[in-house]
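Engineer: Before I ask anything, here is the structure I am working with.
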Amino acid sequence: MTSGWGLSRRSLLRSWLVCLIGKGAKALDQCVRFYCLAKLILAPNAELVEMLAQRTGRPAFLMSRGIDTELFSPAHRSRLDRDFVIGYVGRLSPEKNPRLLAGIEQLLIQAGMSNYRFLIVGQGSEHAWLSSVMERACLPGILRGNDLARAYASMDAFVFPSATDTFGNVVLEAMASGVPAIVTREGGPKYLIRPGENGQLASSAGEFARCILEWSRAPERMPELRVRAREWAERYSWDAVWEDVYRRYEICFPRVDGTGLLSDPIVLPQNLHQLVPG
């Protein structure tokens, strides 16, 4: 099956992978040359939108990722205990920086907090280490569907220590579940947070711990944080995401009346093999 660009999807995917496997400025330059072929660029966060617009001279817009706001919902919360549950969902591998969770726990212990526990959902090379060093943590491995939805909804705060993610779907899934999030000041997830309204930003284990302590010691603040987190996440339903994408396409690609076809189809240059390494 061919795409509207006249190339097989497999060939396009291969071209992307070749670009992304490289390292450093040379790989970035190759990706930018590929992006220059487009009339319109969609990127997952504001930093990438700005960079690609500057480097390519093409119109670039934000394309947020969507989540299932019906599956991930506060309605799945059914806890009755008084523990403050600190959650994480994602790969337990070094690039996600999950060892920071152990550092946060130690600071909470030093501060005298005892009514807490961690719920760490995911699998990876750091799973065994976290299991061995953390004192009050449940690590159930990978969860999906309703089990994952219930896990999110049972949390009181979601912590995301990764500084390498371009968006952070799990942050949105937690917020859709009515869970305020604390994320790093680096990477894409920070754009999902309105500090003090639906979550907080942190640069170190100490800042993560201070925020958790503040929330756990002021339970009267939590209902408002939960509501604001859910309201923000509702903006990212798949229907809302695709409506925005369609609006962007219509700006650059006028349609023939009544046909639904593009009046100005994309034509790739003959020297594509020189522009995109293959």
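The values are calculated or read from the model by the stated rules, or taken from the named source; none is laboratory data. Quick caveat, the model's predicted, so the values are computed rather than measured. No Cβ is skipped: glycine too gets one built from the backbone with ideal geometry, and neighbour counts run over all protein chains shown.
Engineer: Taking the stretch 192-220 as the search range and keeping residues that are over 14 Å from residue 162 (Cα atoms), in contact (Cβ under 8 Å) with a residue 60 or more places away in the chain and not small (Gly, Ala, Ser), which one is surrounded by the fewest Cβ atoms within 10 Å (Cβ to Cβ)?
Structural biologist: Looking at residues that are over 14 Å from residue 162 (Cα atoms), in contact (Cβ under 8 Å) with a residue 60 or more places away in the chain and not small (Gly, Ala, Ser), I get 213.
Engineer: Taking into account only those residues within the stretch 49-64 that are touching a residue at least 40 places away in the same chain (Cβ under 8 Å) and more than 14 Å from the chain's Cα centre (by Cα), which is farthest from residue 192 (Cα to Cα)?
Structural biologist: 59
Engineer: Determine if the stretch 196-205 includes at least one residue that is more than 17 Å from residue 159 (Cβ to Cβ) and of a type in the set (D, E, K, R). Even if it seems obvious, please write down each step before you answer.
Structural biologist: Here is the first cut: in the stretch 196-205, the ones more than 17 Å from residue 159 (Cβ to Cβ) are 197.
Next, only the ones that are of a type in the set (D, E, K, R) stay: 197.
Within the stretch 196-205 (the criterion being more than 17 Å from residue 159 (Cβ to Cβ) and of a type in the set (D, E, K, R)), the answer is yes, since at least one residue qualifies.
Engineer: What number of residues in the stretch 83-95 are in contact with a strand residue (DSSP E or B) (Cβ under 6 Å, 6 or more places away or on another chain) and not in a strand (DSSP E or B)? Before the answer, list the steps.
Structural biologist: To start, the set of residues in the stretch 83-95 that are in contact with a strand residue (DSSP E or B) (Cβ under 6 Å, 6 or more places away or on another chain) comprises 83-89.
After this cut, where a residue has to be not in a strand (DSSP E or B) as well, the list is 83.
Counting residues in the stretch 83-95 that are in contact with a strand residue (DSSP E or B) (Cβ under 6 Å, 6 or more places away or on another chain) and not in a strand (DSSP E or B) gives 1.
Engineer: Residue check, residue 159 against (1) at pLDDT 95 or above; (2) within 18 Å of residue 72 (Cα to Cα); (3) out of contact with any strand residue (DSSP E or B) (no Cβ under 7 Å at 6 or more places or on another chain), all met but one. Which one?
Structural biologist: (3)
Engineer: Has the stretch 179-188 got any residue that is touching a residue at least 12 places away in the same chain (Cβ under 8 Å), of a type in the set (D, E, K, R) and out of contact with any Phe, Trp or Tyr (no Cβ under 8 Å at 6 or more places or on another chain)? Before the answer, list the steps.
Structural biologist: Start the filter on the stretch 179-188 by keeping residues that are touching a residue at least 12 places away in the same chain (Cβ under 8 Å), which leaves 179-188.
Next, from what is left, pick out any that are of a type in the set (D, E, K, R): 185-186.
Among the residues that remain, those that are also out of contact with any Phe, Trp or Tyr (no Cβ under 8 Å at 6 or more places or on another chain) are: 185-186.
Yes, the stretch 179-188 has at least one match.
Engineer: Then there's this: Among 119, 139, 108, 37, which is the only one that is among the hydrophobic types (A, V, I, L, M, F, W, C), under 22 Å from residue 182 (Cα atoms) and not in a strand (DSSP E or B)?
Structural biologist: Just a single option satisfies the conditions, and that option is 108.
Here's the yes/no breakdown for (1) in contact (Cβ under 8 Å) with a residue 12 or more places away in the chain; (2) touching a strand residue (DSSP E or B) at 6+ places or on another chain (Cβ under 8 Å); (3) closer than 30 Å to residue 156 by Cα; (4) buried (at least 16 other Cβ atoms within 10 Å of the Cβ):
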{"residue": "79", "(1), (2), (3), (4)": "yes, yes, yes, no"}
{"residue": "98", "(1), (2), (3), (4)": "yes, yes, yes, yes"}
{"residue": "114", "(1), (2), (3), (4)": "no, no, yes, no"}
{"residue": "125", "(1), (2), (3), (4)": "yes, no, yes, no"}
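Engineer: Anything in the stretch 140-155 that is closer than 19 Å to residue 102 by Cβ and either among the polar types (S, T, N, Q) or crowded, with 18+ Cβ neighbours inside 10 Å (or both)? List them, or say none.
Structural biologist: We begin by selecting, within the stretch 140-155, every residue closer than 19 Å to residue 102 by Cβ; these are 140-141, 155.
Correct list: 155 only.
Engineer: Quick check on my filter: what residues within the stretch 168-186 are closer than 23 Å to residue 205 by Cβ and either surrounded by fewer than 22 Cβ atoms within 10 Å (Cβ to Cβ) or outside the structural domain of residue 203 (by TED's automatic domain parsing) (or both)?
Structural biologist: Kept after step one, since they are closer than 23 Å to residue 205 by Cβ, are these residues of the stretch 168-186: 168, 170-171, 174-175, 179-186.
Matches in the stretch 168-186: 185, 186.
For every residue, the table says whether it meets (1) within 20 Å of residue 166 (Cβ to Cβ); (2) among the polar types (S, T, N, Q); (3) modelled with pLDDT under 85; (4) not in a helix (DSSP H, G or I).
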{"residue": "25", "(1), (2), (3), (4)": "yes, no, yes, no"}
{"residue": "50", "(1), (2), (3), (4)": "yes, no, no, no"}
{"residue": "53", "(1), (2), (3), (4)": "yes, no, no, no"}
{"residue": "75", "(1), (2), (3), (4)": "no, no, no, no"}
{"residue": "81", "(1), (2), (3), (4)": "no, no, no, yes"}
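Engineer: Considering only the stretch 43-58, state which residues are buried (at least 16 other Cβ atoms within 10 Å of the Cβ), under 24 Å from residue 235 (Cα atoms) and in contact with a helix residue (DSSP H, G or I) (Cβ under 7 Å, 6 or more places away or on another chain).
Structural biologist: Listed by number, the residues that qualify are 43, 44, 45.
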